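The values are calculated or read from the model by the stated rules, or taken from the named source; none is laboratory data. Nothing here was measured: the structure is a model prediction, and the numbers come from that model. Cβ: placed from backbone, ideal geometry, glycine included. Neighbour counts: every protein chain shown.
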Amino acid sequence: MTKRTVLFLCTGNSCRSQMAEGLVNAHFGDTWQAVSAGTEPSGYVHPLAVRAMAERGIDISSGRSKNADEFRSLPLDLVVTVCDDAAENCPLWLGQGRVVHHAFQDPAKAEGSEEERMEVFRRVRDEIEDWLLGFLPTQ
C-alpha cells in the first residue's frame, strides 16, 4: 500500500505543525507520512513542544523548522493549515494537495511561568491529537 502524504503548514513551523507531524507519524504511520513547514520558519523546534510530545512517547527533538518552499513540488494528498486566525493570517498554499484549515492556538505565544506555558502546549497538543484522530481516518 502506498502511503498518502500530508503537509502541516503554519507560519513559524516551531510548535503546532511540528506536533501534528509527530502525531500523524506516530498514530497513522502505516498509511500516512506527515511533514511540516512554515512560510517564515523560526529556525528551531520549540523546546516545550518537544517536551509535550515526549510526554506522549513521541520524539520530535531531531525535527527542524522547514520552509514551505521545500514541499511545493512534492505530490501531496492533503495540506492542513493550523494557524489561529484570530492571532495571525494563515499562509496561502499554492502547491499540490487538497487544503483544509483547522485553527489551533499558538502555544509559543503563551505567557506565564514555564509550567503555565507547558499547560498550554499540552492542551494544544491534545486538541491537535483529538482532531486528527477524528479527521484523518475519514480522508
- Query: Mind checking which residues of the range 1-34 are crowded, with 19+ Cβ neighbours inside 10 Å and without any contact (Cβ under 8 Å) to a residue 60 or more places away in the chain?
  - Reply: 13, 18, 21, 22, 34
- Query: Restricting the search to the range 85-139, which residues are modelled with pLDDT under 80, charged (D, E, K, R) and surrounded by 16 or more Cβ atoms within 10 Å (Cβ to Cβ)?
  - Reply: none
- Extreme residue, nearest to residue 6 (Cα to Cα), among residues of the range 35-71 that are surrounded by 14 or more Cβ atoms within 10 Å (Cβ to Cβ) and among the basic types (Lys, Arg): 66
- Task: May I ask you to verify whether residue 21 is more than 17 Å from residue 122 (Cβ to Cβ), acidic (Asp, Glu) and modelled with pLDDT of 95 or more?
- Result: yes
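Within the range 66-83, how many residues are of a type in the set (Ser, Thr, Tyr) and within 21 Å of residue 132 (Cα to Cα)?
To start, the set of residues in the range 66-83 that are of a type in the set (Ser, Thr, Tyr) comprises 73, 81.
Then keep just the ones that are within 21 Å of residue 132 (Cα to Cα); that gives 81.
Number of matching residues: 1.
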